[in-house]
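The values are calculated or read from the model by the stated rules, or taken from the named source; none is laboratory data. Computed from a predicted model, the values in this text were never measured in an experiment. Please note: Cβ atoms are built from the backbone with ideal geometry, for glycine as well, and neighbour counts cover all protein chains shown. The protein model used for the area step is the full one, side chains on, heavy atoms only, and it has no ligands, DNA or RNA in it. Shrake-Rupley method; radii C 1.70, N 1.55, O 1.52, S 1.80 Å.
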Amino acid sequence: MRDPQKTIGNLIDKQGVSFISSVDGEGFPNTKAMLPPRKREGIRVYYFTTNTSSMRAAQFKENSRACIYFCDRRFFRGVMLIGTMEVLEDSQSKEMIWQEGDTMYYPEGVTDPDYCVLRFTAERGRYYSNFKTEDFEIE
């Protein structure tokens, strides 16, 4: 992969679904399909929305180890990113990724106490394409 930033970024930006994985209290992985990240900073930092009361938010508060995965089904390629997930409840983070229509999920608006932001920070990744895998570090 010549340019991980471009290759991985393009793959991620074209996906309508993302998968996030947390670790439960017994040490087992838990994976969930979610909407794509609301914002990304290069291929290192990603922002998602979720409910503060969700099982996933509780798991990330307990254990920040996480994984996110994006899959391009059409070309049978994907990228797994490994890192940490933070649960952010400050107003600046919430306002940064709030979108019109979010009141469908968070009726009280951007200040809804059941609305929070998940910030994933990648440390390394694994890219799969053309029946080959390639590990890479995130710079």
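If we scan region 115-125, do we find a residue that is out of contact with any strand residue (DSSP E or B) (no Cβ under 9 Å at 6 or more places or on another chain), without any contact (Cβ under 8 Å) to a residue 60 or more places away in the chain and open to solvent by 90 Å² or more (accessible area, probe 1.4 Å)? Reasoning before the result, please.
Step one: of region 115-125, the residues out of contact with any strand residue (DSSP E or B) (no Cβ under 9 Å at 6 or more places or on another chain) are none.
Checking region 115-125: not a single residue is out of contact with any strand residue (DSSP E or B) (no Cβ under 9 Å at 6 or more places or on another chain), without any contact (Cβ under 8 Å) to a residue 60 or more places away in the chain and open to solvent by 90 Å² or more (accessible area, probe 1.4 Å).
For region 66-99, which residues satisfy the criterion of being under 19 Å from MET34 (Cβ atoms) and of a type in the set (D, E, K, R)? Give the derivation first.
Step one: of region 66-99, the residues under 19 Å from MET34 (Cβ atoms) are 66-73, 78-89, 93-94, 96-99.
Selection gives ASP72, ARG73, GLU86, GLU89, LYS94.
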**OP:** Identify the single condition in (1) in a strand (DSSP E or B); (2) within 15 Å of the chain's Cα centre (by Cα); (3) closer than 17 Å to ASP13 by Cα that ILE43 does not satisfy, given that it satisfies every other one.
**Re:** (1)
**OP:** Among the numbered conditions (1) under 15 Å from the mean Cα position of the chain (by Cα); (2) small (Gly, Ala, Ser); (3) surrounded by fewer than 17 Cβ atoms within 10 Å (Cβ to Cβ), tell me where ALA58 comes up short.
**Re:** (1)
**OP:** Could you tell me whether any residue of region 6-29 is within 13 Å of the chain's Cα centre (by Cα), exposed (fewer than 12 other Cβ atoms within 10 Å of the Cβ) and not in a loop (DSSP other than H, G, I, E, B)?
**Re:** yes
